[in-house]
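Contents: one structure, followed by commentary.
The values are calculated or read from the model by the stated rules, or taken from the named source; none is laboratory data. What you see is a predicted model, and the numbers here were worked out from it, not measured in a lab. With ideal geometry, Cβ positions are generated from the backbone for all residues, glycine too; neighbour counts draw on all protein chains shown. When the accessible area is computed, the model is the full protein with side chains, heavy atoms only, and any ligands, DNA or RNA have been set aside. Shrake-Rupley method; radii C 1.70, N 1.55, O 1.52, S 1.80 Å.
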Amino acid sequence: MVVQYRSGMSETLDIEHRDLRTAIEFAVLVADEANKGKRSLPFPKELRAQFGVARIPTGALGQLRRVIEADDTFRERIAAGAVPELVDPVGILWLQRPSGWEGQVRTLLAARAADEDEADLRTALKRAEKRRVAAEQVAIRARATIVEQAASIDGLRAEADLIRADLAKADDVVGELRSELVDVRNEARHARDREAALRVRLDAIRADEVAAVASVGPAPQTQVPAVDVAELADIAGAARNLGDRVEALIASALPESAETPVAPLPDPHRHPVRLPGGVIATSREAAEFLLRSDAAVLVDGYNVAKLGWPAERLDEQRRRLLDGLENAARRFGTDITVIFDGSTVIGAHADRRRMVRVAYSPEGVTADDVIRDEVRRLAPGRAVVVVTNDAEIVTDVRARGANVVPSNALLAAL
C-alpha cells in the first residue's frame, strides 16, 4: 500500500506502510503505556487491538497508519517523544513533519532503496560466485574422470598389445609344434617300417633253418647262418615299442586326424563378450557383467575353491564354492557349469543342485581337459566365459574366443 502526499501542486511523495513500521509501533507503545498509567493522553481507540503485541502484523499497518494520520493532536504529541533509538529517520519525519520533510523522506527512501539494491546485488554476486565455484568443481571432477578413463584406456591398450604379442608367440609355437609332430609321425612310420622289415628278415631266416634241418638233418655248427635270432627279435620288439609310444604321443597331442596333424585354431564364429568402457577384464565389475550376460560360464572348480578357502577341507571347499555359485546363478540368471578333478573322490557326487551343473573329470582325465572339451562342444555362436587362474587353460580357451575371468574376480563377485 502506497500513500501519496502532495506539497503544493508539483511534488508527490510515495511512502509504503512498511517504511513507517517503527513510527506506528512507537505510537501503539505510547498509547499502551498511557492506558496502563491512566495518563491524560487521548489516543485513538483502534490502537487498543495491538496493545501487548510483540510485532504488529503487516496487514494491520495500513489501518493504524490511517488512524494516526487522522488524529493530528495525538500524532504531534507522540512526535515530541520520538527518538532515533526507537523510531527510524523516516518515521520521525512522518510524525514531526517539519518544513521540507517530504524531500528529506524522499532522499532517505532513495538511499534505503539504493542500499537494498546494493544488498540484493551483493547477494546475487555471492550466489553467482557459489555457482561458479560449483561449476569449477564439476569441471575438475569431469577432468579427473577423463584422466582416469584415459589411463584406463591406456591400460587396456597395453593389455591388448600384450595379448597380441602372446597370440603371435602362440602362433609361432603352434607352427613349431606342427612341424615337430609331422617329424615325429614320420619317425614313427619309419620305425614301424624298419620293424616290419626286421620281422620279414627274421621269418625268412627261421624258414631257411627249418628247411635246412628237414632236408639234410642237423647241420654242422659251422653251417648255421651267422645271424643272432634273439638279437633280431629284441630289435624288432624295441622298434615296435618305439612305434607304439610315438603313436600314443601323437594321438594324445593331435586327436583330430591320423593323416593331417592340425592344431586347434581360434574359433572364427565365437567372439568374446565386449566389456563396458572403463571396466578392467580382471576386475570384480567384469565378473559381475559377464555373469549377467547370456554366456555359458565354465568354472575350474578346485582352482577357485582352493584359492577362496585354503584352510578348509576339500569337501568343505567344494561345498562353499557350490553354495556361492548357486546364489550367483539365482541372482544373475547365469548358466553355470563347475568342473572338479576326479570322479572317484569320496563325496564328489553328493551335491544335488538345480541351478548349477556339476561335472567331475573321469579317472585319468584332468578338469582342464574337460573344460577344453566343453568349450569345443558348445555351439560356436554361444558366448563362453571360463573362470580359472591356470595359464594353459587361459591360452587355449582364449584361442577359441572365450572370455576369461580370474578366480579371485569371481570370488569377489560371489
When residues of region 108-167 are limited to those that are surrounded by 11 or more Cβ atoms within 10 Å (Cβ to Cβ) and closer than 30 Å to Pro89 by Cα, the one farthest from the chain's Cα centre (by Cα): Leu108
Exclusive hit being touching a residue at least 60 places away in the same chain (Cβ under 8 Å), of a type in the set (Gly, Ala, Ser) and under 30 Å from Asp19 (Cα atoms), set Gly81, Gly91, Gly155: Gly91
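Would you check which residues across region 291-324 are assigned to a helix (DSSP H, G or I) and under 14 Å from Thr388 (Cα atoms) and list them? Quick ask: steps written out before the conclusion?
Of the residues in region 291-324, the ones assigned to a helix (DSSP H, G or I) are 291-292, 301-308, 314-324.
Residues satisfying the conditions are Gly301, Tyr302, Asn303, Val304, Ala305, Lys306, Leu307, Gly308, Leu321.
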For a quick check of your reading of the model, give me the residue pairs whose first member lies in region 359-387 and is under 17 Å from Val299 (Cβ atoms) and of a type in the set (D, E, K, R), whose second is in a helix (DSSP H, G or I) and open to solvent by 20 Å² or more (accessible area, probe 1.4 Å), with beta-carbon atoms closer than 7 Å and at least 6 apart or on different chains. Asp368/Glu392; Arg372/Asp396
Looking only at region 48-82, filter to residues that are over 17 Å from Ala34 (Cβ atoms) and not in a helix (DSSP H, G or I); which one of those is most open to solvent (accessible area, probe 1.4 Å)? Arg55
